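Q: Just passing along the structure, written as structure tokens.
The values are calculated or read from the model by the stated rules, or taken from the named source; none is laboratory data. Quantities reported herein were computed from a predicted structural model and do not represent experimental measurements. Note that each Cβ is placed from the backbone with ideal geometry, even for glycine, and that neighbours are counted across all protein chains shown. Ligands, DNA and RNA are stripped out before the accessible areas are found, and what is left, the full protein with its side chains, is counted by its heavy atoms. Shrake-Rupley method; radii C 1.70, N 1.55, O 1.52, S 1.80 Å.
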Amino acid sequence: MNWEALITTLKLALATSAILMLIALPLSYWVAFSKWRWKFLVEAVVALPLVLPPTVLGFYVLIALGPQSPLGSFGLPFTFGGLVLASVLYSLPFAVQPIAAAFGAVERKYIEASWMLGVSNLETFFRVIVPQSRAGVVTGFVLSFAHTLGEFGVVLMVGGDIPGVTRTLSIDIYDQVQSLNYSSAAITSAVLLIISFMILSIVYALNRKVWFFAADRRHREAV
Amino acid sequence: MLLIADIEKQFKGLRVEAGLRIPPGSSTTILFGPSGAGKTTVLRCIAGLEKLSAGRIIFDGQDWASVPPQKRPIGYLFQDYALFPHLRVRDNIGYAARRSPGTVKQVASMLKVDDLLDRWPSELSGGQQQRVALARVLARKPRLLLLDEPLSALDAATRDHVRSELVQLLRTLGIPAIVVTHDWVDALTLGDQMVVMSGGRVLQAGPPQEVFTRPQHPEVATAAGVETVVTGRIRWREGGVALLDVGSAQLATADPGGQEVDFYVCIRGEDVTLEKGRAEQSSARNHLRGTVSGIAVAGVLTKVIIDVGFELVALVTRQAATDLGLVKGAEIFAVFKASAVHLIPNARI
């Protein structure tokens, strides 16, 4: 078991999903509420990582971060920072889609009630829309975390497999198998499997409202 | 005028056009009409939740064309109250006045919801939800109240009780209110003025009693569904029956209970039977002798106005009108049961 790779992986997943929250909350708000006619184009771009081979995404990120590009001066290729950037792009739909769906499901009357009580759009966002979308926001966070854990192609393209910096669990497993170290690969794989299963269980439990949101549940039962 | 609203709003299928004038001080204006009449649209335009296609809204001399809903000093009560399900009653009421716990306390005690503050909205009855929603609206210290069907979410038993509380409240507050309703009892009970809408247009405006008794449009009459609205005073009550003076006539009705003596007396035209002579025995308590003072065709029915000491309207079939030989000046008995008389407390005396 490569503990260094596990820590790198968790660090990457945490950094990625934290940054994604900052991007996904406003972006999801826009996706959920904008009436711009070309909005579907933005939605398609956000969803691209779902269908694009990770190597394609990784390739473009690598080019974008390379010395020829405006971002080249930051020296991001084959660094942890570059890896985070690529992961954020790669996991974007996993954060935006559940959050935008939850925002869109907030009933219009609550937003209007907030306005009619003199509360600004921004404050309404934090006091009505986000609290009523808790399950969606948590799902977005957890899914992007889990998705980053399982990343392989993008990490390989942009990160470059540097131990302790950019070597994640999935790459470690690949390396182990390449060197015919099957027993080590089996343990690491099992660890990744268990972590992923636990995280997805949390997501589904949240959406079934097994633990939280007692108030919501009471509300739903009463209606 | 506190509010001058000339509203034109083009929707997909409907064009809503209405003009409203609201004077300062405690007055309640009823926006009355069937669903789809455009009443709620008018309210939402005034609130700023819908943009006008044309027209203007002037509040206290200020043009509201570019004033966002947040900046309009309006208390808007939503039809199903829209209490935030993720906040307790305390935080719902304090939503607008977050930094002023004193205000929360004050409005909570005014609406008698002090003991509900720690509950969730889902734990409240319909009547309680309505009071909490009103408290939340008042905590904002509005200068104009817009109430969208404030009683329609309640069951019949609760509605009567909450309606009389609402009358009291609106009189105490001294804030003008616009109340949307399709219930004529609401209109008579709450309204000082009334605007009847149908199909996006204003059909008639005036004091509710006048609108109901003198509908200038067949649609108003249909919407109202009650042809006779007169004022009456209870002379005595005994054994569940009350005797009322109405004009120069006397009516027997079911005793409405309570202490009030002044009422609007409402009788639907369909409930009035016309007879040539006085029946020997009948279960109907009211037999009033009168003369026909007017006859008009009302769809498949004939509307007969009889002077029985007050103006009573009966709706009969054309055949019946012919058989009875009804002409202007003819003498006739008007018969209706005590239970056909609806009494609505008249607080404006």
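Q: Quick one: residue A:77 ticks every box in (1) without any contact (Cβ under 8 Å) to a residue 12 or more places away in the chain; (2) touching a Pro at 6+ places or on another chain (Cβ under 9 Å); (3) not charged (D, E, K, R) bar one, so which box is it?
A: Every condition holds for residue A:77 apart from (1).
Q: From (1) within 15 Å of residue A:128 (Cα to Cα); (2) touching a strand residue (DSSP E or B) at 6+ places or on another chain (Cβ under 9 Å); (3) among the hydrophobic types (A, V, I, L, M, F, W, C), pick out the condition that doesn't hold for residue B:78.
A: (1)
Q: Of A:151, A:123, which residue is under 23 Å from the mean Cα position of the chain (by Cα) and either open to solvent by 20 Å² or more (accessible area, probe 1.4 Å) or not aliphatic (A, V, I, L, M) (or both)?
A: Matching residue, one of A:151, A:123: A:151.
Q: Out of B:290, B:294, B:277, which single residue is buried (at least 16 other Cβ atoms within 10 Å of the Cβ), among the small types (Gly, Ala, Ser) and either out of contact with any strand residue (DSSP E or B) (no Cβ under 6 Å at 6 or more places or on another chain) or assigned to a strand (DSSP E or B) (or both)?
A: Numbers: B:294 fails: buried (at least 16 other Cβ atoms within 10 Å of the Cβ); B:277 fails: buried (at least 16 other Cβ atoms within 10 Å of the Cβ).
None of the other options fit; the residue is B:290.
Q: Just one of (1) modelled with pLDDT under 95; (2) within 28 Å of residue B:153 (Cα to Cα) trips up residue B:84, so point out which.
A: Looking at each condition in turn, residue B:84 falls short on (1).
Q: Right, here's the next one. Suppose we filter segment B:168-177 for residues that are touching a strand residue (DSSP E or B) at 6+ places or on another chain (Cβ under 9 Å) and within 11 Å of residue B:150 (Cβ to Cβ); how many remain?
A: 2
Q: Any residue in segment B:194-206 that is without any contact (Cβ under 8 Å) to a residue 60 or more places away in the chain, open to solvent by less than 50 Å² (accessible area, probe 1.4 Å) and under 20 Å from residue B:336 (Cα atoms)?
A: no
Q: Separate question: In segment B:144-153, is there at least one residue being open to solvent by less than 20 Å² (accessible area, probe 1.4 Å), away from every other protein chain (no Cβ under 13 Å), among the aliphatic types (A, V, I, L, M) and assigned to a loop (DSSP other than H, G, I, E, B)?
A: Yes, segment B:144-153 has at least one match.
Q: If we scan segment A:59-68, do we find a residue that is open to solvent by less than 10 Å² (accessible area, probe 1.4 Å) and either among the charged types (D, E, K, R) or within 13 Å of chain B (Cβ to nearest Cβ) (or both)?
A: no
Q: Among the residues in segment A:93-102, are any open to solvent by less than 50 Å² (accessible area, probe 1.4 Å) and over 18 Å from residue A:19 (Cα atoms)?
A: yes
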